[in-house]
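Everything on this sheet refers to the single structure shown next.
The values are calculated or read from the model by the stated rules, or taken from the named source; none is laboratory data. Just so you know, these numbers come straight off a predicted model, no measurement behind them. Cβ: placed from backbone, ideal geometry, glycine included. Neighbour counts: every protein chain shown. Quick note on the areas: whole protein, heavy atoms, side chains included, nothing else; ligands and nucleic acids left out. Shrake-Rupley method; radii C 1.70, N 1.55, O 1.52, S 1.80 Å.
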Amino acid sequence: MDMSRVAEQGLVLLGCGKMGSAMLAGWLDHGLPAASVWVIDPYPSDWLKAQGVNINTPVPEAPAVVLVAVKPQMMGAALPAIQALGGGGSLFISVAAGTSIATFEDVLGAGTPIVRAMPNTPAAIRQGITAVIGNSHTSDINLELAENLLTAIGETVRLESESQMDAVTGLSGSGPAYVFHLIETLAAAGEAQGLPHELAMRLAKSTVAGAGALAMAADEDPSQLRVNVTSPNGTTQAALEVLMHAEEGFPDLLHRAVKAAADRSKELSRE
Ligand SMILES: NC(=O)c1ccc[n+]([C@@H]2O[C@H](COP(=O)([O-])OP(=O)(O)OC[C@H]3O[C@@H](n4cnc5c(N)ncnc54)[C@H](OP(=O)(O)O)[C@@H]3O)[C@@H](O)[C@H]2O)c1
């Protein structure tokens, strides 16, 4: 991660809760000097205070990057603190769900380079995936810098248009919760077959984690991996008949779930 420009000109982090702290931890680990970071947060955590970064002190006039990591509902109260930095050379990056590029352009000026990013909660252990899209003033160099910073919390992917953000929110943004629910219900189903709770939970967590790791590592795509473990008339086939072919099976349920999240994301961005 090339942090030299950020180290020289500084980085302002607006909001240092779960997402902000996960990113900051990654940057400091990758060698960004603590003295190059200015954090604005009304209630800095003990962890943050121990990092040696500048907290709630006057920020540089032209930092390389301003990263916004406050909750969307706090945005109105939080943005005035960084409004004056808009329209200069600073790149703005927002990880706030549901806050559109147009909202930032209204506050910061349309000439400001702004990258909107959608991470997900595995970011906390640097195994997130973050989708990014820049406004029309974002150069390739800006996008690369944003991606470099966001690799602190996992992988990144580029979108073609901001309109894809609602579908991304429905898939990877909210997706970890679907997988947590899969783990819960898989464990409960094992318990219903007679296993004790702790054993069922351990088997369920490890099965989801192991299958996820295999899906990432294998050359075959997930549908082929599924076929590979499904012997004719075997146990897996018996289960898949239910999951894949029952009315309201997995395909139908997940389509509806992701659509509901994407629809809600569209509504939230209009509120
Ligand atoms: N968590 C996720 O997996 C996830 C996924 C995708 C997107 N996001 C987005 O990431 C953003 C941050 O989420 P989070 O989970 O990190 O939330 P969070 O833990 O609540 O962090 C937000 C931080 O901003 C601080 N803050 C509140 N008002 C502020 C103000 N006026 N000025 C500066 N800082 C202020 C909060 O302080 P207090 O705690 O004192 O209020 C808190 O430390 C959200 O917009 C969310 O949509 C999160």
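Nearest 5 percent is fine: what portion of the DSSP beta bridges confined to the range 110-171 is antiparallel? Of the beta bridges lying entirely in the range 110-171, close to 45 percent run antiparallel.
Under a 5 Å amide H cut-off, with hydrogens placed 1.01 Å from N, Val39 pairs with Leu13, Asn54, Ile55, Asn56, Thr57 among residues at least 5 apart or on other chains. The lysine pair tally for the chain, using Cα distances under 25 Å and a gap of 8 or more places or different chains, is 7. Can you check what the net charge comes to around Leu186, using other residues whose Cβ is under 13 Å from the Cβ of Leu186 (Lys, Arg +1; Asp, Glu -1)? Charge balance in the 13 Å sphere: 0. Relative intensity of the range 4-162 on a log10 scale, I(q)/I(0) at q = 0.09, 0.11, 0.19 Å⁻¹, equals -0.24, -0.36, -1.24, per a Debye sum over C-alpha point scatterers of equal strength in the absence of solvent.
From largest to smallest, the equivalent ellipsoid semi-axes obtained for the chain from the alpha-carbon gyration tensor read 40, 21, 17 Å. Here the range 109-184 and the range 242-271 have alpha carbon centers that stand 20 Å from each other. Probing with 1.4 Å while keeping every protein chain in the model, the per residue accessible area of the range 175-270 equals 74 Å².
Taking other residues whose beta carbon is less than 15 angstrom from the beta carbon of Asp41, and scoring Lys, Arg as +1 and Asp, Glu as -1, yields +2. The angle between the Cα long axis of helix 250-270 and the main principal axis of the chain comes to about 20°, on a 0 to 90 degree scale. Computed from the Cβ-Cβ distance with R0 of 41 Å, the FRET efficiency linking Glu160 to Glu220 stands at 0.90. Taking the 1.4 Å solvent-accessible surface of the chain as the whole, the part contributed by carbon and sulfur is 58%. Within the chain, what percent of beta bridges assigned by DSSP are antiparallel, to the nearest 5? If we restrict to bridges inside the chain, about 15 percent are antiparallel.
Using the rule -39500 (n - 2.57) for each DSSP H run of four or more residues, divided by the residues of the chain, the 222 nm mean residue ellipticity is -14000 deg cm²/dmol.
Under the rule a/c < 1.5 gives rounded, and otherwise a/b versus b/c splits prolate from oblate, where does the range 125-271 land using the Cα gyration tensor? Prolate shape, in that a/c is at least 1.5 and a/b is the bigger ratio.
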